[in-house]
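We did not get these values from a lab; they are worked out from the coordinates using the rules stated. The structure presented is a predicted model; accordingly, all values stated were derived computationally and were not measured. FYI the Cβ positions are ideal-geometry reconstructions off the backbone, even for glycines, and counts take in every protein chain you see.
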Amino acid sequence: MAKLVSNMASTLSGTTLVPGDKSISHRALMLGAVAVGETRIQGLLEGEDVLATAAAMRAMGVDVKKMDNQWIVNGVGLGGLTQPDGPLDMGNSGTAARLLMGLIAGHEISVTLIGDKSLSSRPMKRVMEPLEQMGAVFESENHNAQLPLTIRGRAQPIPISYDLPVASAQVKSAIILAGLSASGITTVVEPHPTRDHTEKMLTALGAEIKICNRADGAREISLNGQPELSAIEITVPGDISSAAFPMVAALVVAGSQITLKNIGLNPLRTGIIDSLKEMGANIKIINHHVHAGEEVGDIVVRQSPLKGIVVPSSRAPSMIDEYPVLAVGAAFATGTTRFEGVGELRVKESDRLAAVEAGLKAAGVVVRSGSDWMEIDGCGDGFVPGQGLVETHLDHRIAMAFLVLGMGAKNPVSIDDGAPIETSFPGFVELMNGLGANIKAL
């Protein structure tokens with residue numbers, strides 16, 4: 001365990017890059033693996049989660065290597081993945097595990113997925129159910145729909161039409177990835193739009209995907225199966241979920257102004273920016289452009305007094321990973337902030353609602369929560385007491401969120417383990433200290 005302490009920062013300033021988008025990085029490796037030709041990827045996130053995906057692709061017969069500053073994937077084509085010699089260790093990555101379940105379901109191979117303690121406690125039934133309808137067979141050691149889990153796929157899955165009971169980009173993507181090998185049209189209906197990196201990247205690779213936005217707010221995605229995917233060059237933008245941490249830090253540390261370069265601004269991922277602006281944040285987007293279907297730009301953030309707001313449940317799909325650090329911003333706001341429809345946070349890398357509540361209380365902040373909601377009574381700018389040791393529960397986002405809290409609190413904030421940060425944001429401490437933070441090992 002790597003205990004860290006975050007002390008009050010005097011000011012944050014500078015221009016920096018954050019690591020590549022984790023969601024796009026996973027998909028670039030997986031889709032490059034089943035494309036025809038050589039996919040070249042620049043800006044790939046080299047965190048533990050994505051490296052686990054790269055290792056899984058190699059184990060299934062794909063040549064994946066890093067040369068100079070880019071990653072090269074020599075695709076084997078649809079149906080070309082081969083039987084690995086042993087289990088695939090997905091570490092802490094729910095995205096990698098769930099998307100791979102879909103990809104494997106479209107191959108006539110049998111694969112066992114394993115993970116760390118945190119990942120092995122996360123539910124997989126929501127992915128298994130539609131994939132079983134497509135013909136995949138699952139075996140679990142404890143019959144509990146958790147890892148370790150063995151998947152037996154089929155060369156030609158059954159195309160289905162599936163209504164997601166809960167909006168989930170991971171479940172949607174798993175179905176679409178399985179549908180790549182199906183003869184016919186696979187359709188997924190999501191109650192609210194979720195991140196669409198899979199659809200955008202597949203379209204760029206040559207797949208035929210139709211998207212229909214319904215009057216009731218639902219979104220229908222249809223994939224014509226068995227396309228020939230052609231390799232392309234992919235540049236991975238900076239991860240908005242990672243950018244959220246220095247963004248909030250700059251908002252709560254007096255006198256701060258930072259610029260975050262080349263950040264992915266997919267409209268289905270920018271709920272954190274919308275929420276912070278509603279709270280009064282001074283955030284501007286410059287150099288806005290589109291690359292390979294993805295919106296990209298630079299984010300300029302200046303320290304701002306924040307006010308409490310209600311974050312509606314409809315916004316959750318566009319910022320599900322950013323609630324822990326938004327909760328930190330809410331602690332420095334004036335008034336009460338309420339998160340609605342956030343029950344999904346209870347089944348992430350940790351029970352994030354419980355972890356955030358415990359951490360905020362340890363820092364002297366008043367907070368309440370229910371099964372799918374949370375309320376935070378802000379202390380006002382510069383008045384968060386801080387102090388205390390926060391338990392991270394092996395969750396990278398909890399770890400980073402409370403290090404951010406320490407940057408603006410009156411007293412230092414410590415976390416019990418900073419090691420999980422490497423799963424998504426390698427170099428986080430060095431980057432933040434380079435901007436002016438004061439984070440040290442205990």
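Sort the chain into rounded, prolate or oblate with this rule: let a ≥ b ≥ c be the square roots of the eigenvalues of the Cα gyration tensor; rounded if a/c is under 1.5, and if a/c is not under 1.5, prolate when a/b is larger than b/c, oblate otherwise. Cα axes put the chain in the prolate bin. With the simple model of a label 7 Å out from the Cα in the direction of the Cβ, Ala254 to Ser110 spans 6.6 nm.
Can you grab the distance from the C-alpha centre of the stretch 152-204 to the C-alpha centre of the stretch 371-427, Å, no decimals? Distance between centres, Cα-based: 35 Å. With the charge dipole of the stretch 22-235 set up from +1 on Lys and Arg Cβ and -1 on Asp and Glu Cβ about the Cα centre, the Cα lying farthest toward the positive end among the listed residues Pro87, Gly153, Met124 is that of Met124.
What list do you get for Ser23, Ser118 if you sort them by fewest beta carbons within 10 Å? Let's see the in-between values first.
Values: Ser23 26, Ser118 20.
Arranged by neighbour count, lowest to highest, Ser23, Ser118 become Ser118, Ser23.
Computed from the C-beta positions of His143 and Gln83, the FRET efficiency with R₀ = 25 Å rounds to 0.55.
Taken about its Cα centre, the chain carries a charge dipole of roughly 620 debye when the Cβ of each Lys and Arg holds +1 and the Cβ of each Asp and Glu holds -1. One equal scatterer on each Cα of the stretch 22-235, no solvent, Debye formula: the resulting log10 I(q)/I(0) at q = 0.14 Å⁻¹ is -0.77. Give the separation of the Cα centroids, the stretch 49-121 to the stretch 220-257, in Å. Cα centres, the stretch 49-121 to the stretch 220-257: 21 Å. Near the amide H of Asn92, within less than 5 Å, lie the amide hydrogens of Asp116, all on another chain or at least 5 residues away, with H placed in the peptide plane. Computed over the chain, the per-residue total of -39500 (n - 2.57) for DSSP H runs of n ≥ 4 gives a 222 nm mean residue ellipticity of -8500 deg cm²/dmol, rounded to 500. Listed by chain and number, the aspartates and glutamates whose alpha-carbon sits under 19 Å from that of Lys284, ignoring those within fewer than 8 places in the same chain, are Asp239, Asp274, Glu294, Glu295, Asp298, Glu322.
If the only charges are +1 at each Lys and Arg Cβ and -1 at each Asp and Glu Cβ, what is the size of the charge dipole of the stretch 39-99 around the Cα centre, to the nearest 20 debye? Walk me through the numbers on the way to the answer.
On the way: 5 positive and 7 negative charges, 39 e Å.
Approximately 180 debye in magnitude.
When the charge dipole of the chain is built from unit charges on Cβ atoms (+1 for Lys and Arg, -1 for Asp and Glu) and taken about the Cα centre, the candidate among Ala292, Val73, Ser313 whose Cα reaches farthest toward its positive end is Ser313.
Which entries of Lys22/Lys200; Lys172/Lys200; Lys410/Lys440; Lys117/Lys348; Lys277/Lys440; Lys22/Lys172 show an alpha-carbon separation above 22 angstrom in the structure shown?
Details: Lys22/Lys200 15 Å; Lys172/Lys200 13 Å; Lys410/Lys440 16 Å; Lys117/Lys348 12 Å; Lys277/Lys440 31 Å; Lys22/Lys172 17 Å.
Table pairs above 22 Å Cα-Cα are Lys277/Lys440.
Summing Cβ point charges (Lys, Arg +1; Asp, Glu -1) relative to the Cα centre of the stretch 22-235 gives a dipole of roughly 260 debye. Residues His143, His396 in ascending order of nearby Cβ atoms (within 10 Å, fewest first): His143, His396.
Distance from a point 7 Å along Cα→Cβ of Lys210 to each backbone N in the stretch 151-183: keep the residues under 18 Å and list them by number. Residues 159-163, 176, 179-180, 182-183 qualify, since their backbone N sits under 18 Å from the label point. So how far apart, in nm, are the two label points at Arg302 and Ala155 if each is 7 Å from Cα heading toward Cβ? About 6.4 nm separates the two model spin labels.
Projecting the Cα atoms of Leu103, Val62, Gln42 onto the charge dipole of the stretch 22-145, computed from C-beta unit charges around the Cα centre, puts Gln42 farthest toward the positive end.
Assuming 0.36 nm per residue, please report the length gained on full extension of the stretch Asn69 to Ser13 beyond their Cα-Cα distance.
Numbers: separation 56, 0.36 × 56 = 20.16 nm, distance 2.71 nm.
Answer, rounded to one decimal: 17.4 nm.
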